[in-house]
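A.B. asks: The structure that follows is given in the form of structure tokens.
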């Protein structure tokens, strides 16, 4: 029996759903880490049965169940002035270099250096070196945490969202069984 393949974007944590699946289903489950850049492609090329995605994604031909919001945080060097407060606003960051673009389109008021594309981990390394700041989902910042950086919630940025996506054409019994697990249905409850 082939494994049911569920992708998960960096920072998403599918563990509790994987445990529930393994308790209820005979079909093996394979968890596959994916980047934001490849999350949708891997669904559409049939490399994954489902994927925990970071929105937005192109909804054409996809079912999507929104799951939860992620708090945006700014990652700064440990001795940065924003570490004196428990949270920050964008106005506190207007004079900063942003090392990776933020999905909201927000940029600081100062001229920005043309940073090459980089992963979240590389961005945190640049921040640690004093090259700028990064705004990331809290889960991603925690994943790449280092002793020489700190993070603070940014209160006036909208949260990012995690959802469960799958192809409309792939809406079968196994897919609905995983949706049930994610939605908290018990092994005895029906799909109603």
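The values are calculated or read from the model by the stated rules, or taken from the named source; none is laboratory data. Owing to the predicted nature of the structure, the values given are computational and were not obtained by experimental measurement. Quick reminder, even Gly has a Cβ in these numbers, built from the backbone with ideal geometry, and neighbours come from all protein chains shown.
A.B. asks: Do you know which residues across region 139-162 are crowded, with 21+ Cβ neighbours inside 10 Å and under 16 Å from the mean Cα position of the chain (by Cα)?
C.D. replies: Within region 139-162, 140, 141, 144, 160, 162 qualify.
A.B. asks: Only one residue in 101, 66, 72 is exposed (fewer than 15 other Cβ atoms within 10 Å of the Cβ) and closer than 25 Å to residue 122 by Cα. Which one?
C.D. replies: 101
A.B. asks: Can you pull out every residue in region 107-127 that is under 22 Å from residue 70 (Cα atoms) and either without any contact (Cβ under 8 Å) to a residue 40 or more places away in the chain or part of a loop (DSSP other than H, G, I, E, B) (or both)?
C.D. replies: Scanning region 107-127 gives 107, 108, 118, 119, 121, 122, 125.
A.B. asks: Looking only at residues that are over 20 Å from the mean Cα position of the chain (by Cα) and at pLDDT below 90 in region 90-110, which one is farthest from residue 55 (Cα to Cα)?
C.D. replies: So the residue we want is 110.
A.B. asks: Tell me the strands (runs of 3 or more DSSP E) entirely within region 128-177 that contain at least 2 residues that are under 17 Å from residue 54 (Cβ atoms).
C.D. replies: The qualifying strands (runs of 3 or more DSSP E) are 134-137, 160-167.
A.B. asks: Give region 30-59 a look and list any residue that's outside any helix (DSSP H, G or I), touching a helix residue (DSSP H, G or I) at 6+ places or on another chain (Cβ under 9 Å) and farther than 16 Å from residue 140 by Cα, or say none.
C.D. replies: 31, 32, 46, 47, 48, 49, 50, 51, 57, 58
A.B. asks: Inside region 120-130, can you point out the residues that are surrounded by fewer than 17 Cβ atoms within 10 Å (Cβ to Cβ) and closer than 18 Å to residue 72 by Cβ?
C.D. replies: The one that is surrounded by fewer than 17 Cβ atoms within 10 Å (Cβ to Cβ) and closer than 18 Å to residue 72 by Cβ: 121.
A.B. asks: Quick check, is residue 141 in contact with a helix residue (DSSP H, G or I) (Cβ under 6 Å, 6 or more places away or on another chain) and more than 30 Å from residue 27 (Cα to Cα)?
C.D. replies: It is false that residue 141 is in contact with a helix residue (DSSP H, G or I) (Cβ under 6 Å, 6 or more places away or on another chain) and more than 30 Å from residue 27 (Cα to Cα).
A.B. asks: Select from region 41-53 the residues that are at pLDDT below 95 and crowded, with 21+ Cβ neighbours inside 10 Å and list them in ascending order.
C.D. replies: Hit for region 41-53 is 43, nothing else.
A.B. asks: Check whether at least one residue in region 106-119 is exposed (fewer than 15 other Cβ atoms within 10 Å of the Cβ), touching a helix residue (DSSP H, G or I) at 6+ places or on another chain (Cβ under 8 Å) and farther than 30 Å from residue 27 by Cα, and report yes or no.
C.D. replies: yes
A.B. asks: What are the pairs with Cβ atoms under 6 angstrom where one residue, in region 33-59, is within 16 Å of residue 179 (Cβ to Cβ) and the other, located anywhere, is in a loop (DSSP other than H, G, I, E, B)? Sequence gap at least six, or different chains.
C.D. replies: 52/12; 52/14
A.B. asks: Quick one: which residue in 120, 128 is at pLDDT 90 or above and under 21 Å from residue 34 (Cα atoms)?
C.D. replies: Checking each option against the conditions leaves just 120.
A.B. asks: Restricting attention to region 1-26, which residues are surrounded by 14 or more Cβ atoms within 10 Å (Cβ to Cβ) and in contact with a strand residue (DSSP E or B) (Cβ under 6 Å, 6 or more places away or on another chain)?
C.D. replies: 4, 5, 6, 7, 8, 9, 11, 12, 14, 18, 21
A.B. asks: Separate question: Considering every residue within region 60-82, establish whether at least one is part of a helix (DSSP H, G or I), touching a residue at least 40 places away in the same chain (Cβ under 8 Å) and not assigned by TED's automatic domain parsing to the domain that holds residue 176.
C.D. replies: Yes, there is a match, as at least one residue in region 60-82 is part of a helix (DSSP H, G or I), touching a residue at least 40 places away in the same chain (Cβ under 8 Å) and not assigned by TED's automatic domain parsing to the domain that holds residue 176.
A.B. asks: Taking residue 104 and the conditions (1) under 21 Å from residue 176 (Cα atoms); (2) assigned to a loop (DSSP other than H, G, I, E, B), which numbered condition does it fall short on, given that it satisfies the others?
C.D. replies: Evaluating residue 104 over (1) under 21 Å from residue 176 (Cα atoms); (2) assigned to a loop (DSSP other than H, G, I, E, B) leaves (1) as the failure.
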